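Below: one structure, written as structure tokens.
The values are calculated or read from the model by the stated rules, or taken from the named source; none is laboratory data. Given the structure is predicted, the values throughout are model-derived calculations rather than measurements. Virtual Cβ from ideal backbone geometry, glycine too; neighbours counted across all protein chains shown. Just so you know, the surface numbers come from the protein's heavy atoms only, side chains and all, with ligands and any DNA or RNA stripped out. Shrake-Rupley method; radii C 1.70, N 1.55, O 1.52, S 1.80 Å.
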Amino acid sequence: MKTIQLPDIRLQVYDEGSGTPILFVHGFPLSHAMWRGQLAPLAKRFRVIAPDLRGFGASEMTPDTGSGSEGTAAETTMRQLADDCAALVDQLCDGRPVVLCGLSMGGYVAWQFAKHHGSKLRALVLCDTKAAADTPEAAETRRKMAEHVTKHGTGAVAEAMPAKLFAAATHTEQPAIVAEIRRTIETTSPAGLSAAQRGMAARDDVRGDLAGIRVPTLVIVGRHDAISPPEEMQAIAEAIPGAEFHVIEGAGHMSPLESPDEFNRLLTAFVERLG
Ligand code: MLT
């Protein structure tokens, strides 16, 4: 891991390998470690860059300016995370555009990156994510969770969330990765988690932007994804000109972690076709 200084914070970043740069953007409330099935294997063929986003893993949290949309509550917007990724690409890639591979919240960041930093983008890989904004009820649930975590810590989220993240078979056949994700959530900064949860509650509906995406795009979803189901991901793929769509059988929302071999095969073939 290396430390990258951005204007207001330092990020911790995995950066290994050479060749086409792939920027892996993790989901919520996780860290670069959710890509552990991709990092070392893919760094044998590509440049693999995987940050801990601001407020997650070992990266710093936004300095508390008290400027969130709820008065004093801090909010990490998806645009802010995309701007951080763009600053990272500027520092690490010497003008070379990246393949951005984002899962779930990482996909929300990818939409903003494509919209605001398109010149730095070679291709998109969207995993287990959504293009629609939250319903008002879902946004309210997020704000309540943010408030709870701020007061009581991440324990309840770490207990409840893994049930939704994995396919049923993963819980019985790969309990170690479920336990690892639970530990990651437990050790996530309550301030970082809450701020990103508020940022997701406020995120834009980007379905109207999909037809304007002009880079090669690969869309991947786990067959048993309960958060962003295959039908929803298929609609995203159909809306993006020329996008490829794949369902990984046996996986849930954490498809790269649950089925790394299949995921890496799809990703490698896609990146190699880019030339
Ligand atoms: C994620 O995996 O990043 C989350 O499920 C995103 C979300 O809460 O919408």
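Taking 26 Å as the limit for the C-alpha separation, the pairs 2/120; 44/120; 2/144; 144/164; 44/164 exceed it in the case of 2/144; 44/164. Estimated purely from DSSP H runs of n ≥ 4, each contributing -39500 (n - 2.57), the mean residue ellipticity at 222 nm for the chain is -12500 deg cm²/dmol once divided by its residues.
Paramagnetic label reach from residue 90 (point 7 Å along Cα→Cβ; backbone nitrogen cut-off under 18 Å): within region 121-142, residues 121-122. In plain terms, the C-alpha convex hull of the chain casts an average shadow of 12.9 nm² when viewed from every direction. Each residue was assigned an accessible area with a 1.4 Å probe, and for residue 18 the value is about 80 Å².
Summarised as an ellipsoid, region 1-122 has semi-axes of 24, 15, 13 Å, derived from the eigenvalues of the Cα gyration tensor scaled by 5 and square-rooted, with the largest first.
Please state the charge dipole magnitude for region 2-274, taken about the Cα centre, from unit charges on C-beta atoms (+1 on K and R, -1 on D and E), reported in debye and rounded to the nearest 20.
480
Classify region 226-269 from the C-alpha gyration tensor, please: rounded if a/c falls under 1.5, else prolate or oblate depending on whether a/b exceeds b/c. Intermediate values should be presented prior to the final figure.
Numbers: a/c = 2.94, a/b = 1.26, b/c = 2.32.
Oblate, because a/c is 1.5 or more while a/b does not exceed b/c.
Note on the chain: antiparallel DSSP beta bridges, both residues inside, total approximately 30 percent of the bridges counted. In region 1-44, one over the average inverse separation of all distinct C-alpha pairs is 11.7 Å, which is the Kirkwood hydrodynamic radius. Considering only protein heavy atoms, what per residue accessible area in square angstrom results for region 2-274 with a 1.4 angstrom probe? On a per-residue basis, region 2-274 sits at 41 Å². Under the combined filter of DSSP loop state and at most 12 neighbouring Cβ atoms within 10 Å, region 186-256 retains these trypsin sites (Lys or Arg not before Pro): 214. The aspartates and glutamates whose alpha-carbon is closer than 13 Å to the alpha-carbon of residue 130, local same-chain residues fewer than 8 away aside, are 204, 205, 209, 225, 231, 232.
Taken over region 199-275, the convex hull of the Cα atoms encloses 107 Å³ per residue.
Give the carbon-plus-sulfur fraction of the accessible surface of the chain in %, rounded to a whole number; probe 1.4 Å, heavy atoms of protein chains only. Before the final figure, lay out the partial values.
Details: 5710 of 11260 Å².
Summing carbon and sulfur atoms, their accessible area is 51 percent of the total for the chain.
Remark: the residue 116-residue 264 segment gains 50.5 nm on full extension, using 0.36 nm per residue and subtracting the alpha carbon distance.
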